[in-house]
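The values are calculated or read from the model by the stated rules, or taken from the named source; none is laboratory data. These figures come from a predicted structure and were not determined experimentally. When we count neighbours, we look across all protein chains shown, and the Cβ atoms used for this are built from the backbone with ideal geometry, even at glycine.
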Amino acid sequence: MSADTVAIGSEGPALEWPEARRAELDQALARYPNRRSAVLPVLWIAQREWGWIPPAAMQLVARTVELPEPEVFGIATFYTMFNLRPVGRHHLQVCRTLSCSLMGADRLFRHLERKLGIGHGETTPDGRFTLRRVECLAACGGAPCMQVGFDYHENLDEAKVDALLEKLP
Amino acid sequence: MRGPLLFSDIDTPGLASIETYRKGGGYEAASAMVGVKPPGECIDVVKASGLRGRGGAGFPTGLKWGFVPKDSPKPRYLVCNADESEPGTFKDRELMEKNPHLLLEGMILAAWAIQAHVGYIYLRGEFEYIQQILDRAIAEARAAGFLGPAVAGRGFALEIHTHLGAGAYICGEETALLSSLEGYRGQPRLKPPFPAVEGLYACPTVVNNVETLMNVPPILKNGAPWFRQWGTEKSPGTKILSVSGPVRKPGNYEVPMGLPLSTLIEEHCGGLLGGMAIKAVIPGGSSVPLLPASKLSTGLDFESMVAAGTLLGSGGVIVIDDQTCIVDALWNITRFYEHESCGKCTPCREGTYWMSEVFERLERGEGRESDIDLLSDVSDNILGKSFCALGDAAAMPVLGAIQHFRDEFEFHVRERRCLVNRRAPGLTERQAEAVPA
Amino acid sequence: MSGSVRVTINGRTLAVPAGTLVTDAARMAEVHVPIFCSHQKLPPLGACRICVVEIGMPKRDREGKPVLGADGAPEIAWMPKPQTGCTTTVAEGMVVATESPGAVKARKGVMEFLLVNHPLDCPVCDEGGECQLQDLAFAFGADFSRMDEAKRTFVSEDLGPVVKKEANRCIVCMRCVRYCDEIMGDDALTAHQRGVRTEISSFDRRPLDCEQCGNCIEVCPVGALTALPYRFQARPWDLRQHVTICPWCSNGCSVRLGVRGAEILRARGTEYRGVNQEYLCVRGRFGYEFVNREERLSRPLLRAGGAHTPASFDEAVAFAAARLESIAATHGPEAVAFLGGEKLYLEEQYLFQKLARGVIGTNHVDARTRFVSPVPGAALLEATGGGRPALSFSDLERAEEVLVLLEDLQGEAPLAQAALIRGQHQLGVHLTVAHARRVKLARPKFRGEWLGVKPGGELALLHGLTRAALDAGDPPDLPREIAAGLPGLKGALAAWTVERAAEESGVPAEALRAAATRLRAAGRKAVLFGRGVAEHPKAVALLLAIGNLGWVSGALRSDGSRVMYLGPHHNSQGALDMGLVPDRLPGYVPVADPDARRPFEQQWGKSLNRVAGMTAPEILAAAAEGRVRALWIAGDHWLRSAPDRALAERALERAELVIVNDLFLTDTARHAHVVFAAAAFAEKEGTTVNCERRIQRAARALAPRRGARSDAEIFTAVARALGASWSHRGPEDVYREIARLAPGFAGTSWATLLPLGPQWSREAPVGGALAPAEDLRPAAGPADGLWLLSGGTLFLQGSLSHRTELLPRLAKPGRAFLNPGEARRLGVGEGEALELAGPTGALELPASIDDAVPPGSVFVPYAFPGVELNRLGSPAGAGLRVRARKAAEAERVER
Ligand SMILES: Cc1cc2nc3c(=O)[nH]c(=O)nc-3n(C[C@H](O)[C@H](O)[C@H](O)COP(=O)(O)O)c2cc1C
Ligand code: SF4
Ligand code: FES
């Protein structure tokens, strides 16, 4: 704490990067002429490490790329793919935008809601699935589509989704 | 052969590997040009070819390259816009997934032309698997000496890096892309200065779309006249169109510019699924006004589309069938822009929210006579008043829909339901989740 | 940018400076163009779009000649879209329309959008009545918005003790975020999420980690950010507003006080006036509260034997006059001394010394009660160029190189710090900060150099810088009288190689050379110093050394001074200017100079004492020994400000007569035989001189607390009781007398002193000749002890800060700040009690770990309530060292 500002109640223990992430971090930082530019890559690394981005991780990222903590918070919340809450093992992201909805994304999403008993942004009690509506995934030709984590699944219908969920651990 | 140019060999197995790519003549243009032909010459050829940007704005590519100041002491940057987030568009994804080296070669040539030694490929966050494909290709190209300290063994250094976004349509807008790449919130910046003069890190920067850059190697290899054998005077070459909606064979099609929209849908895509007829087509991604069925003969090129009151945009062709309610469809699109507005400027931030509120009212069956004019006036108050073109993109489709399908809006008000309703597009609830307190 | 261009706005053509923004050009043309996101201190953003106008340029033909229309007027090519005036700079021939149908529709449209999600809670909004959005909506007529659907909502939150956030009212103009970042350098605010969900908040919604300045509230054009201390206190329209000068530091910000009845309810910046415009620091914005305090003295007190008894003003005056008269009669005028006065207005300071010299006849007058060593009355002026035209804040923002010497501007001069941060951010100012602690301005984010001088090495640092600058060759065009001293200086510095200076100052030789080179090379440059130098035991030598550096580096030039002294109080400069020093009359006229003295003798009708008096530290010693028998202390808590509290206590106990003017019954006042209840700064009209040597008049915002009198009235009454024929009717008359007598003030007039009055300077500068400055006395205290570092901090400044509720709450209880290593060595942890023992006393304080504090030292801010730092003993030689140990083992010391 310094003599001339009001200290913030820093909550929770400070996080550190696990040694295993060092190489990744150095690679990310090496790609740009300044550290600030690495803020997205480094946030991605944090999300890979912890599954979501808790405030303590944002503070760690801020230290890593030498940005003020509030700014990192503003950046992390600007983009939709950084999880501000923990998510399930499988992140089901169903496209809702026009092409997919023309091809039945609505039915598909309602089906998943019923099947998993959760709504948009919610996670099943067993922590297996998180369900989300997302905007156009650039797979309109394979509408309706969804992304599970980073994996694309296209031309879906209720039966295909059921089969898919079976296969997922 | 799926297409005359970029798609001529797109389905060749293993094309993503450098060997296969080189068997097909890959990197020949790079070897022939870099360190051999003066940069100015490359720019002149591209100018002569009449290549126009495929990202949406259709700006002449050679002209843009020419804006980069020759005398500037600052480093220059090349940025590939691989954000592909315009609804209805999925061409760049297939191109990069199947033929990453063509993109790299295009970037090598563009970098040589503008004398940039660093290039970035800005990928939308969802394209993580494509980042892996590109990183692999970059490693191959480096190993083969097409990237690194001495491209093609000549004294020209070039490094290309991939950069993964994290979920923001606005980061497709070039200045927002640059903000995002620099590590700021992805919001647009004032123009002028234009990126060609002050772009990435305030240095001269050229931002080009994936498809645009992929057209460069064939052009420099075969010359401008060869390229001009396709397309029209003002829109030379081919265009890849992503067709979606209830057609028999949706997907990406490379066709000569100027091909009638109807030919694309009826012949290439095999028409609509059983028992449906076309009500309207959005020809250039969700940001452009739709064309009613009556105008399907319009040619797929920049000038004809403008003449028909819409835009070729990114070439995302969304087919809307006769059993879909236009009001539903527009509500769906408007929600998209509300969700993607970066929030920097008032008209777009507040206007998109307001419009979706009015749409919701119409859908609830509580619409009023005045709502239709209200919608067009709100759109008009956004159009040309917003900071960047996202605002316009949200306004134009609504204006177009009301112009061509006013009766469907009036029906909503009068009958308190859709004129037709096979399948409401739906999923129009807001998706925003608050930052945990 | 130079030259001017002609623009036509709504048909009116005018010439404006090239580079002017259309919105500013419109203001010049008296055309109102609303703005929200743009701000005079921030670069254009163009986000809110409310300033949309239509813009056109004359059509030109091939040869570039304007195309004339049928009517012979040049044809205008209008831009297809409306443009934002706040991002467009004017061009020759530009035509701007703000009332054309297109412009009006665009503006109305944006305005309507701004109300889409803005709640209709104006009646319960603190901004109500001065809300720019409300005004504009009103202009368009009430209920013109067609948006009647549900609004997006956020929950309101308190962002710490000062800022209340009502996000629903926010129009995302980003002024607060950008101001916090670019001007305060705090980056405490940010925008969460995006689009219509965009919400301004802090990191993870935690209390703002910042200076708590409240400028984010000031620049918020709506009621999204409001001040918790002012919450629901009043509605603007039932406040009387008066612009006065902030009492909290030497920067002299203009403050707009909002007064209701006999109470100050808030303080705000002035938007376009004063040196600060909208800016205020936390003290200026929230520190006014002491004026309202219940425990203010409301009548004079007299002490016969033990206890104080209330007295009428006349009784007190009669008593004081009688005692002064008899003491002066029996022991001579020299038995009487006058101390303090830095917090008084210029006119009062003048009267204070006029009373001492012109009525009593003593030169024992000194306002510099904190000083440790006897500093000549003109030494500070000489170090800053002897009265040559002075540096201004706008010069500061535009400088290329700024050297901050031994001062933490955050505490001592917040506006100067803000100016430098903005300058660094927007105009490329380069900062060099020489300070033992890594103070805010020395943080890496400001891209400057930090010269971490080790305590006691201050003089060596200056020798090193000066020597390095000299090694680069003789400075060009020194005034003759200055150049005369060059050989002497070179001789004195012969022994001071940069390496030796590095050795003794702890600053690497390369760093010293680089800093000296930057300063010499820079065209526009500035050197800043303050109490860190003036209250240093080596002040005399340090001041000479700063003068030398100024001349050698070119910061001082015959045509002007780029060296600024930042005094401890808002009118410390005035006190020097008005001769509240033992050897100078107002305007630095030497008391020993018969010719220069004469005008005063004529004006005052008395021949004056020609022998220089004693300085404050000398008076302190003399009074303790009984050589001075009567003390008049004006607006100064001497027991806190005197360098040695034990000695000051003895002095007060021994004195036969102690007169104190104060707002409160301080410990010092408790010792007084006569206590005059004084009026506060806001309760009287008067003049101050800030660190730019700018003369500014402060308005009277409210009537004095019942029973309290302005110091001017007190001095005048006593002087008259002593038979003086003082005829002035008020401050204006006194100021006229000052302007007549004090060189430098001649030609200034009361009428022109309102905020942003002139900066005084004089044809004949005081002093001359570079002078060697060698002084190597060792520090006081145990040689192996910790260096005692002290200084003001943002929240605690002078003895009044703890007469407010907010400031001590922000500062938290008194602590001793230690470097982590030091803390480990002593085995104390955060919050654990630490005992500090000096030559004359000891203190016990909770320890606080701060890596900005260097090893081998302990930092204790002065003015922590209850922390009597000067109990430890007076710094001497190089400073003061104290023994520190964990208090657990130490036997308790009672305070
Ligand atoms: C809201 C918005 C989104 C955009 N999205 C993309 C995109 O996803 N991909 C793209 O290549 N261009 C996009 N653009 C166009 C870019 O701003 C820019 O014009 C283009 O990348 C230039 O490359 P080109 O000249 O090769 O087309 C977008 C523009 C706007 C206004
Ligand atoms: S139009 Fe305005 S709010 Fe919308 S995306 Fe562009 S800048 Fe952001
Ligand atoms: S004031 Fe011009 S856009 Fe905000």
Checklist entry - Does the range C:57-74 include one or more residues that are aliphatic (A, V, I, L, M) and either within 16 Å of ligand 1 (Cβ to nearest atom) or closer than 25 Å to C:Phe113 by Cβ (or both)? => result no
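Out of all the residues in the range B:367-375, is one or more within 16 Å of ligand 3 (Cβ to nearest atom) and modelled with pLDDT of 95 or more?
Checked the range B:367-375: no residue is within 16 Å of ligand 3 (Cβ to nearest atom) and modelled with pLDDT of 95 or more.
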Checklist entry - Name the pairs whose Cβ atoms lie under 6 Å apart, with the first residue in the range C:453-478 and within 18 Å of C:Ala769 (Cβ to Cβ), the second among the polar types (S, T, N, Q), and 6 or more positions between them or separate chains? => result C:Thr466/C:Asn548; C:Ala469/C:Ser553
Next on the checklist: I'd like to check something: does the range B:296-305 contain any residue that is over 27 Å from B:Val210 (Cβ atoms), aliphatic (A, V, I, L, M), more than 16 Å from ligand 1 (Cβ to nearest atom) and assigned to a loop (DSSP other than H, G, I, E, B)?
Outcome noted: yes
Item to check | Where a residue in the range C:819-840 is in a helix (DSSP H, G or I) and its partner, wherever it lies, is surrounded by fewer than 16 Cβ atoms within 10 Å (Cβ to Cβ), with Cβ under 6 Å and at least six apart | outcome: C:Pro820/C:Asp851; C:Gly821/C:Pro855; C:Glu822/C:Pro855
Checklist entry - From B:Glu159, B:Glu140, B:Glu174, B:Glu198, which residue is among the acidic types (Asp, Glu), in contact (Cβ under 8 Å) with a residue 40 or more places away in the chain, surrounded by fewer than 24 Cβ atoms within 10 Å (Cβ to Cβ) and away from every other protein chain (no Cβ under 13 Å)? => result B:Glu140
Next on the checklist: Anything in the range C:37-73 that is within 53 Å of the chain's Cα centre (by Cα) and either more than 16 Å from ligand 2 (Cβ to nearest atom) or more than 25 Å from C:Ile171 (Cβ to Cβ) (or both)? List them, or say none.
Outcome noted: C:His39, C:Gln40, C:Lys41, C:Leu42, C:Pro43, C:Val53, C:Glu54, C:Ile55, C:Gly56, C:Met57, C:Pro58, C:Lys59
Item to check | Long-range neighbours under 7 Å by Cβ, at least six apart or interchain, first residue in a helix (DSSP H, G or I) within the range B:222-235, second small (Gly, Ala, Ser) | outcome: B:Ala224/B:Ala48; B:Ala224/B:Ser49; B:Phe227/B:Ser49; B:Phe227/B:Gly237; B:Arg228/B:Ser49; B:Arg228/B:Gly50
Item to check | All helices (runs of 4 or more DSSP H) inside the range C:615-678 with 1 or more residues being under 25 Å from C:Phe290 (Cα atoms) | outcome: C:638-641, C:645-654, C:667-670
Next on the checklist: For the structure I just gave you, tell me whether B:Cys325 is crowded, with 24+ Cβ neighbours inside 10 Å and within 14 Å of chain C (Cβ to nearest Cβ).
Outcome noted: no
Next on the checklist: For the range C:159-209, give me every one of the strands (runs of 3 or more DSSP E) that falls completely inside it and has 2 or more residues that are at the interface with another protein chain (Cβ under 7 Å from one of its Cβ atoms) and in contact with a Ser or Thr (Cβ under 6 Å, 6 or more places away or on another chain).
Outcome noted: C:190-192
Next on the checklist: For the range A:20-41, which positions are within 21 Å of the chain's Cα centre (by Cα) and facing chain B (nearest Cβ under 9 Å)?
Outcome noted: A:Arg36, A:Ser37, A:Ala38, A:Val39, A:Leu40, A:Pro41
Next on the checklist: Considering only residues that are more than 12 Å from chain B (Cβ to nearest Cβ), touching a residue at least 12 places away in the same chain (Cβ under 8 Å) and buried (at least 22 other Cβ atoms within 10 Å of the Cβ), which ones fall in the range A:65-93?
Outcome noted: A:Leu92
Checklist entry - Here is a list of conditions, (1) more than 7 Å from every other protein chain (Cβ to nearest Cβ); (2) at pLDDT 95 or above; (3) assigned to a helix (DSSP H, G or I), and A:Arg107 meets all of them except one; can you say which number that is? => result (2)
Checklist entry - Does the range C:98-114 contain any residue that is closer than 26 Å to B:Leu375 by Cβ, away from ligand 1 (no atom under 16 Å from the Cβ) and among the aromatic types (Phe, Trp, Tyr)? => result yes
Next on the checklist: Just to be sure before I move on: is B:Tyr337 under 23 Å from B:Glu433 (Cβ atoms), modelled with pLDDT of 95 or more and more than 8 Å from chain C (Cβ to nearest Cβ) in the structure I sent?
Outcome noted: yes
Next on the checklist: Tally up the residues in the range C:345-373 that are β-branched (Val, Ile, Thr) and part of a helix (DSSP H, G or I), please.
Outcome noted: 2
Next on the checklist: Given the condition more than 8 Å from every other protein chain (Cβ to nearest Cβ), of a type in the set (D, E, K, R) and in contact (Cβ under 8 Å) with a residue 60 or more places away in the chain, answer yes or no: does some residue in the range B:342-350 qualify?
Outcome noted: no
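Applying the selection to the range C:48-67, what residues are more than 10 Å from ligand 3 (Cβ to nearest atom) and either within 14 Å of chain B (Cβ to nearest Cβ) or not aliphatic (A, V, I, L, M) (or both)?
Once the filter is applied, which keeps residues that are more than 10 Å from ligand 3 (Cβ to nearest atom) and either within 14 Å of chain B (Cβ to nearest Cβ) or not aliphatic (A, V, I, L, M) (or both), the range C:48-67 yields C:Glu54, C:Ile55, C:Gly56, C:Pro58, C:Lys59, C:Arg60, C:Asp61, C:Arg62, C:Glu63, C:Gly64, C:Lys65, C:Pro66.
Within the range B:94-133, how many residues turn out to be among the hydroxyl-bearing types (Ser, Thr, Tyr) and outside any helix (DSSP H, G or I)?
Count: 2.
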Next on the checklist: Return the residues of the range B:372-413 that are within 22 Å of B:Ser294 (Cα to Cα) and either aliphatic (A, V, I, L, M) or within 28 Å of the chain's Cα centre (by Cα) (or both); say none if nothing qualifies.
Outcome noted: B:Met396, B:Pro397, B:Val398, B:Leu399, B:Gly400, B:Ala401, B:Ile402, B:Gln403, B:His404, B:Phe405
Checklist entry - How many of the residues making up the range B:294-349 are over 19 Å from the mean Cα position of the chain (by Cα) and among the aliphatic types (A, V, I, L, M)? => result 8
Item to check | Residue satisfying condition, being away from every other protein chain (no Cβ under 14 Å) and either farther than 28 Å from C:Gly423 by Cα or within 16 Å of ligand 2 (Cβ to nearest atom) (or both), within set C:Thr20, C:Thr13, C:Thr87 | outcome: C:Thr13
Checklist entry - Is there a residue in the range B:337-359 that is in a helix (DSSP H, G or I), touching an Asp or Glu at 6+ places or on another chain (Cβ under 7 Å) and among the β-branched types (Val, Ile, Thr)? => result yes
